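I have placed the structure first, in the form of structure tokens, so that the comments after it can refer back to it.
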There are 2 protein chains.
Amino acid sequence: MGSDLLVTLDAVIVAVTDTRPRVLTVADVPPALPSGPLDAEGDETLELGMRRVIDEQTGVEVGYVEQLYTFGDRDRIRAPGGPRVLSIAYLALVREASTAAGAGWVDWYAMLPWEDHREGIPGILTDVVVPRLTDWAAGDPGRQARVAVCFGVGAPWDPIRALERYELLYESDLVAEALRGRGDDAGLPTGVEMAFDHRRICATALGRLRGKLTYRPVVFELMPDEFTLSELQGTVEALIGLRLHKQNFRRLVEREHLVEGTGRYAPSTGGRPAELYRFRRSVVGERPRPGMRLPPFRG
Amino acid sequence: MGSDLLVTLDAVIVAVTDTRPRVLTVADVPPALPSGPLDAEGDETLELGMRRVIDEQTGVEVGYVEQLYTFGDRDRIRAPGGPRVLSIAYLALVREASTAAGAGWVDWYAMLPWEDHREGIPGILTDVVVPRLTDWAAGDPGRQARVAVCFGVGAPWDPIRALERYELLYESDLVAEALRGRGDDAGLPTGVEMAFDHRRICATALGRLRGKLTYRPVVFELMPDEFTLSELQGTVEALIGLRLHKQNFRRLVEREHLVEGTGRYAPSTGGRPAELYRFRRSVVGERPRPGMRLPPFRG
DNA sequence: GTTCCTTTTGCTCGAACTGAGCATTACTTA
DNA sequence: TAAGTAATGCTCAGTTCGAGCAAAAGGAAC
């Protein structure tokens, strides 16, 4: 038939190395996500197709793969005369952050700097984003309400609303992508731009992963076989962009029986040696929604 | 170019009338979901395209619309020589269950009878599903664990795992769809068959909606402007397939400020008259994750 | 009009969970 | 040997949760 339509499979491949969440990209000028066309005859399922594309483009071996969202706005990719592009985006988690040829890991928060609250509220938020959004919303109660919920102005900060936040910034012309084709290159300080709508896809992935953390033990897809509880906590904190209370975190994972001690200890890093733990795979067969119970949704 | 690929938009349109959840279908022989091809030139966004298809096929006016999942297994739709079909499925919620010409509402639980636990554990589960699954899993610890978690055998029943349950039944040949093309029409008592993989899509939608209920006030998309708390509770119970403690449900919605009283009362139905409430739209701008906090995940 | 029935609404109580901080342990380094 | 550091252990008050008793407000039966 030949409708003018191209279907691609795009991947947000995530690793956390040393408490820093990273995403795998394939080009540097504006970084882009690994992406390739679906092979309508060859790919038996979409997920297998996605794995093929990931393998072809990055050579990275991914474990967990989950469909994220399908992006298909008519004008999301501007190519004069080209076909409409439909992208089925996937979230993939990998344990190691080894780099493949032509592909490189970039810090997730380089693209979404307002999302990392581990060191307190980031300056970009208080100094740039919130003031400009406040101007943008002036006189419009609807906009004001959205700014308030999304950016926690007088309301709690909700890590999960990453996509809503990106969309608000896009709508208010506060991210570079929104200014494309307008010759209005304002040099915005709101994080690194990505190709096409790939930054939106990254924001979608971040929100989804943060949510999933609370009811499925996906963190362990990012951990090595054995780890200390501090390392586990560091990974969770890296993803949700918040600091957690150490003792309570420990209490949580122990109560939920998510991990078991190995009796061995990690090479000491200055203090009392930490015991090494491993993930108890069997929890998924015991408790209904094992997860990390995200925390201070109050502030 | 002309790759042999067809992209359709499929909708699971849900209404709850009188504590019975229903899905809109368009054909009766095997019931099918409303579905139509994406108009690559005309549809500006996928959601708008979905709304167009819904309008064309059913005439029903939907409010809330949310993308569900994209289904694209190579052989999910068997049409010799036809193109591969990719379906982007949406979940839509409507307030009224008015029927349009050629379209009809069917009870959601007619298709997924094991999902309704409001009157206790359904007979189909204890009499048919669990015994057969137990046989199917005999000697395979992996299968046994899956059966246990999904169907709450010695583990709690988790309403959200609707899709996993359907997939397990499919894999173990306990739903009619799994037997297609095998001439093995066993007359399975496991609910009504649907066209293509539409029953899987329905299961996906049910699980997603059940989850969403817990952190977003989507129930109100199914309610009239004014309702009693019992009606609200009845709708929630219909969706999650479980009974709730009436006083605690009331306490919850009041504490979360999800509703406000109107001061007027519903026509009495035998007991003390119930006050009419309405949804407080402003909650979404106040609390981070307003929702219904699903209940007895313990049993 | 009184009594019974039904449903809504109000309240209480113990168990469990949360957030937060103090205290102790077991190493390394000066 | 003392000081520093991080892991681990424990406590405590405030909150939420599950469950049930009790009162309130109508209709129907007599």
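The values are calculated or read from the model by the stated rules, or taken from the named source; none is laboratory data. In this text the structure is predicted, and so the values were computed from the model without any measurement. Virtual Cβ from ideal backbone geometry, glycine too; neighbours counted across all protein chains shown.
Residue by residue through segment A:226-248, note down the ones that are part of a helix (DSSP H, G or I) and either more than 21 Å from A:ARG272 (Cβ to Cβ) or near DNA strand D (Cβ under 8 Å from one of its atoms) (or both).
Within segment A:226-248, A:LEU229, A:SER230, A:GLU231, A:VAL236, A:ALA238, A:LEU239, A:ILE240, A:LYS246, A:GLN247, A:ASN248 meet the criteria.
Can you work out which of the residues in segment B:272-296 that are under 24 Å from A:PRO156 (Cβ atoms) and within 11 Å of DNA strand D (Cβ to nearest atom) is modelled with the lowest pLDDT?
Of everything passing the filter in segment B:272-296, B:PRO295 is modelled with the lowest pLDDT.
Okay, residues lined up against (1) more than 14 Å from chain A (Cβ to nearest Cβ); (2) more than 10 Å from DNA strand C (Cβ to nearest atom); (3) among the aliphatic types (A, V, I, L, M):
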{"position": "B:ARG199", "(1), (2), (3)": "yes, yes, no"}
{"position": "B:LEU229", "(1), (2), (3)": "yes, no, yes"}
{"position": "B:VAL236", "(1), (2), (3)": "yes, yes, yes"}
{"position": "B:ARG281", "(1), (2), (3)": "no, yes, no"}
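Residues checked against (1) within 14 Å of chain B (Cβ to nearest Cβ); (2) surrounded by 21 or more Cβ atoms within 10 Å (Cβ to Cβ); (3) in contact with a Lys or Arg (Cβ under 8 Å, 6 or more places away or on another chain):
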position	(1), (2), (3)
A:VAL153	yes, no, no
A:ASP158	yes, yes, yes
A:LEU163	yes, no, yes
A:LEU168	yes, yes, yes
A:GLU171	no, no, no
A:THR204	yes, yes, no
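Rundown of residues vs (1) within 12 Å of DNA strand C (Cβ to nearest atom); (2) assigned to a loop (DSSP other than H, G, I, E, B), yes/no style:
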site: A:THR190; (1), (2): no, yes
site: A:ARG250; (1), (2): yes, no
site: A:VAL253; (1), (2): yes, no
site: A:GLY270; (1), (2): yes, yes
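Could you grab me the full set of residues in segment B:45-67 that are buried (at least 17 other Cβ atoms within 10 Å of the Cβ), within 10 Å of chain A (Cβ to nearest Cβ) and not in a helix (DSSP H, G or I)?
Once the filter is applied, which keeps residues that are buried (at least 17 other Cβ atoms within 10 Å of the Cβ), within 10 Å of chain A (Cβ to nearest Cβ) and not in a helix (DSSP H, G or I), segment B:45-67 yields only B:GLN67.
Can you name the residue in segment A:1-33 that is within 19 Å of A:ALA205 (Cβ to Cβ) and hydroxyl-bearing (Ser, Thr, Tyr) and is also nearest to the other protein chains (Cβ to nearest Cβ) among such residues?
Step by step, filter segment A:1-33, then rank; the result is A:THR8.
How many residues, within segment A:174-185, are in contact (Cβ under 8 Å) with a residue 12 or more places away in the chain and surrounded by fewer than 18 Cβ atoms within 10 Å (Cβ to Cβ)?
Total satisfying the criteria: 2.
In this structure, does A:THR269 turn out to be more than 30 Å from A:VAL129 (Cα to Cα), within 16 Å of DNA strand D (Cβ to nearest atom), modelled with pLDDT of 95 or more and not assigned by TED's automatic domain parsing to the domain that holds A:PRO122?
It is false that A:THR269 is more than 30 Å from A:VAL129 (Cα to Cα), within 16 Å of DNA strand D (Cβ to nearest atom), modelled with pLDDT of 95 or more and not assigned by TED's automatic domain parsing to the domain that holds A:PRO122.
Does B:ASP55 count as within 21 Å of the chain's Cα centre (by Cα) and farther than 19 Å from B:ASP197 by Cα?
Answer is yes for this residue.
Looking at segment B:249-265 only, could you name the residues that are surrounded by fewer than 16 Cβ atoms within 10 Å (Cβ to Cβ) and either aromatic (Phe, Trp, Tyr) or in contact (Cβ under 8 Å) with a residue 40 or more places away in the chain (or both)?
Across segment B:249-265, the qualifying residue is only B:TYR265.
Out of (1) out of contact with any helix residue (DSSP H, G or I) (no Cβ under 9 Å at 6 or more places or on another chain); (2) not assigned by TED's automatic domain parsing to the domain that holds A:THR58, what's the single condition that is false for A:PHE151?
(1)
Does B:ASP4 meet the test of being in contact (Cβ under 8 Å) with a residue 60 or more places away in the chain, closer than 21 Å to A:SER87 by Cα and not aromatic (Phe, Trp, Tyr)?
Judged against the criteria, B:ASP4 is a match.
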